[in-house]
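Q: Dropping a structure here in structure tokens format, bear with me for questions.
The values are calculated or read from the model by the stated rules, or taken from the named source; none is laboratory data. These numbers were taken from a predicted model, which means no experiment stands behind them. With ligands, DNA and RNA removed, areas are computed over all heavy atoms of the protein, side chains included. Shrake-Rupley method; radii C 1.70, N 1.55, O 1.52, S 1.80 Å.
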Amino acid sequence: MILNLKHIAKNFGEIEVLKDINVDLKEGEILTILGASGSGKSTILNLIAGFEKPDYGSINIYGKDTRQKEPHERNVGFVFQNYALFPHLNVFKNISFGIGKIDISKQTLQVEKLLKLTGLQGCEKRYPHELSGGQQQRVALARTLATNPKLILFDEAFSNVDAILKSKIQKELISIIKRSRVSAVFVTHDSKEALSISDKIAYLKDGKVSQFSTPKDIYNKPSSKSVGHFFGKANFIEKAGKNYCVRPEECIIKKSGKHKGLITNISYHGERQEVELDFKYNEKEYKFITYVDKNFDLTNTKSLNFDIIWKNSNCMDIYTMQP
């Protein structure tokens, strides 16, 4: 186990920021800590890095308790939100800064290896202001990898990236991390980002881990309605005394569908249309969201018949459902 946080608590004055945090990370895995602003996710990152000390609990890195270790003693890399590159140093010197004092020929070979790994060959002599946001991020990652950490922390890694290029840069960064065989912890408020890059997700709310599981489980089997809504459009329905989370894509529009919903709103999203429905099931009133094809003609349509895909993986009765 690369990282293990047990019963972590942290207060700032009288404000209780973190309460009984328990998460772990295996070698080679990517963990994303996710939550709204003020949920405590950045505080967890600072505790792992050693910038803050927990009031209670233990932080084990490589199987060793690090609570009394300073940041530079933990062998943990940190890629800051603004990348923290040295503006007066070119790419080569920014990366070599993380290597330390070794023979110049060995240093050059190591930097060249990192330039190749991060796709920065040909950029050695450029300065940070001459690079794109994605290139700057890769320089920051290369400089961090130069210290040979087994664990790297990323603070809002993609917040400064152009929205159009975000998906491409995410794929490039995750590919580099996987090829480097390091573990990583990301902090973000973007649920789509978390689902696409993570092996595990810890969702924080009010300083507590509401759910810690795989992306598939947290999407299909949320532990609460708030978790379900945070990770996308969600419908909640009770069947045979059990709670189910039914995603819009699991409502199939059919002329012979068992359920009939009154259309209350239609919105166009390019690749599809989103339809809001009111319908009754087992004497209870529900509001549902479903998707239909972008070419589906809803002109003068007041209601739709549909079926629900009932899957055991969506059943939430194993959790205590909270609002």
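Q: Any idea which of (1) modelled with pLDDT of 90 or more; (2) open to solvent by 50 Å² or more (accessible area, probe 1.4 Å); (3) over 30 Å from Phe80 (Cα atoms) is the one Gly270 doesn't satisfy?
A: The one condition Gly270 does not meet is (2).
Q: Of everything in segment 282-296 that's hydroxyl-bearing (Ser, Thr, Tyr) and within 14 Å of Glu250 (Cα to Cα), which residue is least open to solvent (accessible area, probe 1.4 Å)?
A: Among them, the one singled out is Thr290.
Q: Filter segment 204-244 down to the residues that are of a type in the set (Lys, Arg) and open to solvent by 50 Å² or more (accessible area, probe 1.4 Å) and list them by number.
A: Hits for segment 204-244 are Lys205, Lys208, Lys216, Lys225, Lys233, Lys239, Lys242.
Q: If a residue has to be of a type in the set (Val, Ile, Thr) and open to solvent by 50 Å² or more (accessible area, probe 1.4 Å) to count, how many in segment 165-203 make the cut?
A: So the count comes out to 0.
Q: Select, from Gln121, Gln107, Gln136, the only residue that is outside any loop (DSSP other than H, G, I, E, B) and closer than 19 Å to Leu173 by Cα.
A: Gln136
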